[in-house]
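All remarks here apply to the structure that follows.
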Amino acid sequence: MSQKVILVVLDGLAYQTAEQCMGFLQGLKAQGGTTLYKLQCELPSKSRPLYETILTGVPPVLSGIVHNDVIRNSNQQSVFSMAHKQGLTTAAAAFHWFSELYNRSPFDPIRDRYTNDLEQLIQHGCFYHGDHYPDNYLYLDAETLRRRYNPDFLLIHPMNIDNAGHKSGVDSAHYRNTVRVSDGELSKYVPTWIDEGYQVLITSDHGMNADKSHGGTLPEERDIPLFVIGEHFSHQADCAPKQTEICGSICELLGITDHNKPVTKKLLLDAQVVNKKHVVAVGS
Ligand SMILES: [Zn+2]
């Protein structure tokens with residue numbers, strides 16, 4: 001199985017808000033095109049530690065990226081490093097901390113904002129360094145990278161939901177409306193991604209609390225969504241994925257077989273089943 005994958009990490013998106021405010025994604029769910037799972041993020045419920053968890057499958061206490069000020073390259077195998085080793089094309093439109101984890105550290109905006117370097121683990125990058133960088137610009141950055149470089153693995157990481165949460169808290173019109181706007185942005189792109197055969201995962205690093213922060217163990221800080229879209233997912237209700245299994249599951253989709261990352265086996269459809277579905281579809 002070798003599929004192209006888009007991973008969208010909506011920074012600071014709590015599960016309940018995703019479930020209630022993302023009408024486009026919920027509409028896809030109603031048509032069987034997507035499935036929403038509830039995940040618990042690892043601890044601490046902070047951004048940089050959990051970027052590393054999502055991309056490597058390693059919890060913060062083991063990766064050493066235990067707070068936001070650990071400014072260094074990851075020393076773990078990541079989706080980016082394994083895809084690079086396999087000769088796949090990688091890209092990211094994301095906050096500059098991803099550039100620091102997987103490309104060069106510390107971030108030099110003049111050198112690194114626009115990255116086109118086949119030697120880097122993220123070969124094609126557009127990295128921002130302000131939390132208020134507009135999500136609609138970021139989605140355009142990502143779509144430009146996708147169309148220009150046809151990546152096998154594309155990471156998209158908007159920050160405005162987290163930024164709204166820090167200004168107004170989880171239970172605010174500001175936070176909820178920012179989630180609705182992000183859902184609207186996704187509705188402009190996801191249909192094309194589906195048509196072009198991408199397998200899409202949309203998740204979050206952590207949630208948000210009423211104190212306009214995150215970091216601890218409250219349900220609204222730890223409960224996060226995972227939407228999966230694509231025919232290579234099983235769309236089974238009872239598969240209980242973990243945040244540490246996202247990395248390995250993406251590796252499986254990308255056809256990277258020699259990894260030792262945990263995988264949510266029930267999340268993915270067996271390649272033979274997908275092929276059979278195609279035969280049936282052609283025959284009917
Ligand atoms: Zn935050």
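The values are calculated or read from the model by the stated rules, or taken from the named source; none is laboratory data. Computed from a prediction, not measured in an experiment: that's the story for all the values here. Don't worry about glycine lacking a Cβ; one is built from the backbone with ideal geometry, like all the others, and counts go over all protein chains shown.
For ASP238, are the conditions met, namely being of a type in the set (Asp, Glu) and over 29 Å from LEU140 (Cα atoms)?
Details: of a type in the set (Asp, Glu): yes; over 29 Å from LEU140 (Cα atoms): yes.
When the stated conditions are applied, ASP238 passes them.
I'm trying to understand the selection: among the residues of segment 105-127, which are in contact with an Asp or Glu (Cβ under 8 Å, 6 or more places away or on another chain) and crowded, with 16+ Cβ neighbours inside 10 Å? If the condition is that a residue be in contact with an Asp or Glu (Cβ under 8 Å, 6 or more places away or on another chain) and crowded, with 16+ Cβ neighbours inside 10 Å, then PHE107, GLN123, GLY125, CYS126, PHE127 are the ones that fit. Restricting the search to segment 214-224, which residues are surrounded by 16 or more Cβ atoms within 10 Å (Cβ to Cβ) and either within 11 Å of the ligand (Cβ to nearest atom) or in contact (Cβ under 8 Å) with a residue 60 or more places away in the chain (or both)? Listed by number, the residues that qualify are HIS214, GLY215, GLU220, GLU221, ARG222, ASP223, ILE224.
For segment 91-99, the criterion of being more than 16 Å from the ligand (Cβ to nearest atom) and either touching a Ser or Thr at 6+ places or on another chain (Cβ under 6 Å) or not small (Gly, Ala, Ser) (or both) is met by no residue. Test GLU143 against the criterion of being under 19 Å from GLY197 (Cα atoms) and among the charged types (D, E, K, R), and give yes or no. Spelling it out, GLU143 is indeed under 19 Å from GLY197 (Cα atoms) and among the charged types (D, E, K, R). Based on this model, can you work out whether SER99 counts as in a loop (DSSP other than H, G, I, E, B), small (Gly, Ala, Ser), over 17 Å from SER204 (Cα atoms) and out of contact with any His (no Cβ under 6 Å at 6 or more places or on another chain)? The answer is no for SER99. In this structure, GLN16 does not satisfy being out of contact with any helix residue (DSSP H, G or I) (no Cβ under 6 Å at 6 or more places or on another chain), farther than 22 Å from CYS239 by Cβ, touching a residue at least 60 places away in the same chain (Cβ under 8 Å) and not basic (Lys, Arg). State whether one or more residues within segment 45-57 are crowded, with 24+ Cβ neighbours inside 10 Å, modelled with pLDDT of 95 or more and more than 15 Å from the chain's Cα centre (by Cα). Yes, some residue in segment 45-57 is crowded, with 24+ Cβ neighbours inside 10 Å, modelled with pLDDT of 95 or more and more than 15 Å from the chain's Cα centre (by Cα).
Quick one: in segment 227-241, of everything that is in a loop (DSSP other than H, G, I, E, B) and in contact with a Ser or Thr (Cβ under 7 Å, 6 or more places away or on another chain), which residue is surrounded by the most Cβ atoms within 10 Å (Cβ to Cβ)? If we take residues in segment 227-241 being in a loop (DSSP other than H, G, I, E, B) and in contact with a Ser or Thr (Cβ under 7 Å, 6 or more places away or on another chain), then PRO241 is surrounded by the most Cβ atoms within 10 Å (Cβ to Cβ).
A quick yes/no check of all residues on (1) under 21 Å from VAL79 (Cβ atoms); (2) in contact with a helix residue (DSSP H, G or I) (Cβ under 7 Å, 6 or more places away or on another chain); (3) in contact (Cβ under 8 Å) with a residue 24 or more places away in the chain:
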| residue | (1), (2), (3) |
| --- | --- |
| SER105 | yes, no, yes |
| ARG111 | no, no, no |
| ILE122 | yes, yes, yes |
| HIS132 | no, yes, yes |
| TYR137 | no, no, no |
| ASP141 | yes, no, yes |
| TYR149 | yes, no, yes |
| ASN160 | no, yes, yes |
| LYS167 | no, yes, yes |
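Pairs are defined by a Cβ separation below 8 Å, a sequence spacing of at least 6 or placement on different chains, a first member in segment 171-188 that is at positive phi and touching a residue at least 60 places away in the same chain (Cβ under 8 Å), and a second member that is surrounded by fewer than 17 Cβ atoms within 10 Å (Cβ to Cβ) and in a helix (DSSP H, G or I); no pair meets this definition.
Evaluated against (1) of a type in the set (Val, Ile, Thr); (2) within 23 Å of LEU267 (Cα to Cα); (3) assigned to a loop (DSSP other than H, G, I, E, B), ILE224 falls short on exactly one condition, (3).
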